[in-house]
Amino acid sequence: MAKSLLDQLLDSVFDAAWVGKRGEKLTERELKLVNLFGRHGKTLRNVYLPKEDGTTSEVDLVYITQKGIFVFESKNYSGWIFGDEKAQYWTVSLPNREKHRFYNPIRQNRSHIKWLAAIVGEDVPLFSIIVFSERCELKKIALESETVKVIKRDKVYAAVRELWDAAPDVLSEERIEDLYLNLRRMTEVDKAVKASHVETIKNTYSAGQKNVPGAAKPIEAADRDPAGLTGKSCPRCGKSLVVRTARSGANAGNRFWGCSGFPACRYTAPLEPDAAGQGPRS
């Protein structure tokens, strides 16, 4: 699964912010195809939603239609992606067998939707769409919510169409225009607001933490062994414990402690504490 020339160029020449903005523009371009086939909507990028604590929550892209508002969160990773709607973290597996984890983008977008709902009202349906670039492969994604989609960018049209066809018309053209004008003001923020948003993220989630929204971090030693199991023996049979990776099921791609005596001994222990926090809200 070697990187393409485009991947190498993006990684070596452009920074993450540029790649992210490029991804948002490409997603917006895909939405223009939706409008070509009898569906009409208005798009806005980089909407800074005010939060009750005085900070902001930045939404990558919104698509305002008579069906409601489609809220997009863009991710521009390479590699194999494993994720579960209920999990706090997702995993990206790179060609060199390195595994990194990043905060669950569904949870991240759920936070955006919370603050968006506070502005537009509870009567406006909100749909969550997580868009990954074509540079990755979605290997195992477990979803439960009907209003959530996790797709690659070339499936934007199909995902919107599926949600669109299943939902009734609820917003008039006048209401769409009002929502658009109201939210557009939140894209026209000055540099101070943007700088404050970035600073808040940095201050809240220091470099030593691993749950910064959108940032894929290597699985560090502390993450692999939060319970202090390194070098310890299985409490059932006495053999050594080793790190294993779930190959199937809802936890596919997740790593855990397992007994080296498997399959005779099936003892396991989680890599992360059971009482994990709810993670950050961006």
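Which value results for Rg/Rh of segment 109-166 when Rg is the Cα radius of gyration and Rh the Kirkwood radius based on the inverse mean 1/r?
Using only Cα positions, Rg/Rh for segment 109-166 is 1.00.
Could you give the dipole magnitude of segment 101-158 about its Cα centre, charging the beta-carbon of Lys and Arg +1 and that of Asp and Glu -1, in debye to the nearest 20?
In debye, rounded to 20, segment 101-158 gives about 400.
When the convex hull of the Cα atoms of segment 45-181 is projected onto a plane and the area is averaged over all directions, what value comes out in nm²?
That works out to 8.8 nm², a quarter of the Cα hull's surface.
Every number in this text was worked out from the coordinates using simple rules, so none of it is lab data. Please read these numbers as outputs of a predicted model, since none were measured by experiment. Ideal geometry is used to build each Cβ from the backbone, glycine not excepted, and the neighbour counts take in all protein chains shown.
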